[in-house]
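What follows is a single structure, written as structure tokens, with notes after it.
Laboratory data are not the source of any read-out in this text; all were calculated from the coordinates shown. As the structure is a computational prediction, the values presented were derived from the model and not from experiment. For neighbour counting, all protein chains shown are included, and Cβ atoms are generated from backbone atoms with ideal geometry for every residue, glycine included.
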Amino acid sequence: MSNLIYNLFDEEVQPPRLYPDYKSTVLRAPTKPLVLLKQSLSELSGPVFGDFELGTLDHDLTRNSIVNGEPLGERIVVHGTVFNENGQPIPNTLIEIWQANSCGRYVHKVDQHDAPLDPNFLGAGRCMTDANGNYKFYTIKPGAYPWGNHYNAWRPNHIHFSLFGANITNRLVTQMYFPGDPLLQHDPIFLGVPPKGRDLLISKFDLDATEESFALGYRFDFVLRGNNATPFEKI
Amino acid sequence: MKQTPSQTVGPYFAYGLTPEQYLYSFKSLANNELVAIEDEQIIVKGRVFDGEGNVIPDAMLEIWDAKNNLFGRFGTGTEKDNSFVFKTQKPGSIDGQAPYLSVILFMRGQLIHSYTRIYFSDEDLNTTDTTLLQIEESRRSTLIAQKQEKFYEFNIYMQGDNETVFFEI
């Protein structure tokens, strides 16, 4: 482990810090060059979470907040694999999930969008990858919602994710989008990603993962930063 | 394989990532109390400022202490003055370097998170620390939490004359 060096963020696919079309980057993006840090124990380690910390329904957002009935909207099942850039699957890593409900409304107190809350849907969950790096969770397809960035600005349907990976260089917070969404080409948060990276944020409809008479399937793989280990090296 | 691009944490992360702090009925996996008070607890607090000097009320900080294997997470939306507060212990020195906490900073308006470090003003090792010495002297103080009577104060400036040093790791 001590000889491993993790790759830096790949500028070909990662968004810049300042992207003026996404207006709140203007006052919040660092302006001075980042200082390159030699990776040490701190960068090559990170928190580890265990299965036992998760609630039994954390992976099922259609059931984890039921009060008096089923949440409204289209049930979906999202699955995939977490890899690193070397193509190695990442087992036992935590994935945190949050999203709007089917009407495009977040439970968050700051969200004032005039669309109904769903008493049976919180929109938060989490799961872990298994020994092969695979994950799966159930939810309701989130709705689009308006935001104040510019006139008639609407966010495409999306699910927020937070991943930890092997260490703090692997930390990833991102959003997954849905295929064919016409709002993508108007969304400055999505368009902040360089063209080469954009398709990597769009899930694929997956008929094989679709559950008969229950939920539509989508596949979304994550790729965390890799390292200089050769494919033959045992880690 | 190509890295999955980062996207902003957005303004509505609280019920997913810091639910108990924001009083949502969902269990938090991490909070801001990393050690109990009897474990030589220290308090680190501060605020995050944007390029116009406004306090940012919707940032989220994570701190990582590799020496003691401690992790914490806190959003700036619940304290009256929108500060973040961590109760932890002083990290020890690793390889003779000055002790520090690693910080990962997320917020609406950041398409990708930022990394910085919190050093401590009462540590002699600061004067010989190779990371601190790598940084131009005029900016070094942005990484050093100032010891006050009851806590260490560490403010983060995203921009401006006092812009905090952020790292590429």
Signed unit charges on C-beta, dipole axis of segment A:50-224, positive-most listed residue A:151, A:131, A:217: A:151
Inter-chain shielding of B:103-115 (mean C-beta neighbours from other protein chains, 10 Å cut-off): 6
Going residue by residue through segment A:58-73, the Karplus relation 6.51 cos²θ - 1.76 cosθ + 1.60 with θ = phi - 60° gives ³J(HN,Hα) values, rounded to whole Hz and with x marking Gly or Pro, of 4, 8, 10, 6, 7, 10, 7, 9, 5, 10, 9, x, 7, x, 8, x
Qualifying trypsin sites (Lys or Arg not before Pro) for segment B:106-169 [loop in DSSP, other Cβ within 10 Å: at most 12]: B:150
Just to confirm the filter: which chymotrypsin sites (Phe, Trp or Tyr not before Pro) across segment B:116-169 are DSSP coil and have at most 12 other Cβ within 10 angstrom of their Cβ? none
What ranking, highest mean first, results for peptides A:139-151, B:12-24, A:109-121 when packing means the other Cβ atoms within 10 Å averaged over each residue? B:12-24, A:139-151, A:109-121
Give the longest segment of chain A that steers clear of GluC sites (Glu not before Pro) in DSSP loops with at most 13 neighbouring Cβ atoms within 10 Å, not counting the sites themselves. A:75-211
Antiparallel content of DSSP bridges confined to the protein assembly as shown, in %, to 5: 75
Of B:59, B:145, B:36, the one that fluctuates the most in a GNM where chain B has Cα springs shorter than 10 Å: B:36
Let me know the shape class of the protein assembly as shown, please: from the alpha-carbon gyration tensor, a ≥ b ≥ c as square roots of the eigenvalues, rounded when a/c is under 1.5, otherwise prolate if a/b is greater than b/c, or oblate. prolate
Residues of type lysines that residue A:136 reaches as a straight line, Cα spacing below 24 Å, ignoring anything fewer than 8 places off in the same chain: A:204, B:2, B:27
If amide H atoms are modeled at 1.01 Å from N in the peptide plane, then the residues at a separation of 5 or more from residue B:33, or on another chain, having amide H under 5 Å from its own are B:87
Highest GNM mean-square fluctuation, chain B, Cα pairs closer than 10 Å: which of B:48, B:103, B:35? B:35
Counting partner chain Cβ atoms within 10 Å of every residue's Cβ in A:46-59, what's the average? 2
Hits among lysines - C-alpha to C-alpha of residue A:32 under 23 Å, sequence gap 8 or more where chains match: A:23
For segment A:99-112, take each phi angle, set θ = phi - 60°, evaluate the Karplus expression 6.51 cos²θ - 1.76 cosθ + 1.60, and give the result in whole Hz per residue in order, putting x for glycine and proline. 6, 7, 7, 5, 8, x, 10, 8, 5, 3, 4, 6, 6, 9
